[in-house]
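Note sheet for the following structure.
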Ligand code: SF4
Ligand code: SF4
């Protein structure tokens with residue numbers, strides 16, 4: 001009885017009041033996401049997706065939740081981060097819905113609103129990757145991995161210091177960031193794409 005009292009009880013059924021009006025429309029206004037209204041909930045995407053069994057919401061459910069404005073449920077789900085962008089669902093969808101692009105739009109929104117699961121390394125990697133490309137025009141893989149470990153699991157870096165030192169001394173671990181030559185041109189392109197706000201947007 002005491003244990004039951006201490007259990008964290010969470011409502012699983014969603015109410016109309018949980019919706020965030022306009023969210024679905026905003027996602028559908030992103031380039032490539034406009035076909036979502038024609039989803040017939042056939043479940044082909046979920047059946048095709050190799051990662052559905054690990055997701056808290058299947059791709060079909062995510063499509064339904066977005067359309068119905070369940071913003072918090074979708075942006076906080078692990079589904080969008082487990083999506084490996086394999087495009088199987090997009091290829092098989094009978095309504096030509098670009099599910100993978102919708103997953104990307106949701107990831108970008110979750111990062112922008114800082115509501116991604118903080119313990120998962122995938123959003124950290126996505127954010128650091130984008131930051132590096134925006135500031136240097138390219139990524140330096142070793143530094144990217146280092147950033148990922150420092151933010152996701154810094155203890156792992158400490159425990160691997162001997163390996164890291166070996167890699168640095170043999171020249172296999174590049175510590176100088178690589179960059180493109182004409183960064184200003186990239187900045188101009190990004191600014192055009194993002195209406196003048198290219199820098200720092202992940
Ligand atoms: S396969 Fe396409 S139509 Fe079917 S549930 Fe998935 S998104 Fe909707
Ligand atoms: S693109 Fe993502 S959601 Fe679609 S099948 Fe691949 S992993 Fe699953």
Checklist entry - Any chance region 106-120 includes a residue that's within 16 Å of ligand 1 (Cβ to nearest atom), under 19 Å from the mean Cα position of the chain (by Cα) and buried (at least 16 other Cβ atoms within 10 Å of the Cβ)? => result yes
Item to check | Count of residues meeting criterion [in a loop (DSSP other than H, G, I, E, B), within 16 Å of ligand 1 (Cβ to nearest atom) and within 27 Å of residue 114 (Cα to Cα)] in region 78-94 | outcome: 4
Checklist outcome for this item: When every residue in region 164-190 that is modelled with pLDDT of 80 or more and in contact with a helix residue (DSSP H, G or I) (Cβ under 6 Å, 6 or more places away or on another chain) is compared, the one farthest from residue 144 (Cα to Cα) is 179
Item to check | Boolean, residue 166 is on the phi > 0 side of the Ramachandran plot and more than 16 Å from ligand 1 (Cβ to nearest atom) | outcome: no
Checklist entry - Does region 169-182 contain at least one residue that is exposed (fewer than 12 other Cβ atoms within 10 Å of the Cβ) and part of a helix (DSSP H, G or I)? => result yes
Item to check | Top-ranked residue in region 21-46 [being outside any loop (DSSP other than H, G, I, E, B) and within 8 Å of ligand 1 (Cβ to nearest atom); ranked as surrounded by the fewest Cβ atoms within 10 Å (Cβ to Cβ)] | outcome: 38
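The values are calculated or read from the model by the stated rules, or taken from the named source; none is laboratory data. It should be emphasised that the depicted structure is a prediction, and the values quoted were computed from it without experimental measurement. Positions of Cβ are generated from backbone atoms using ideal geometry, with glycine treated the same way; all protein chains shown enter the neighbour counts.
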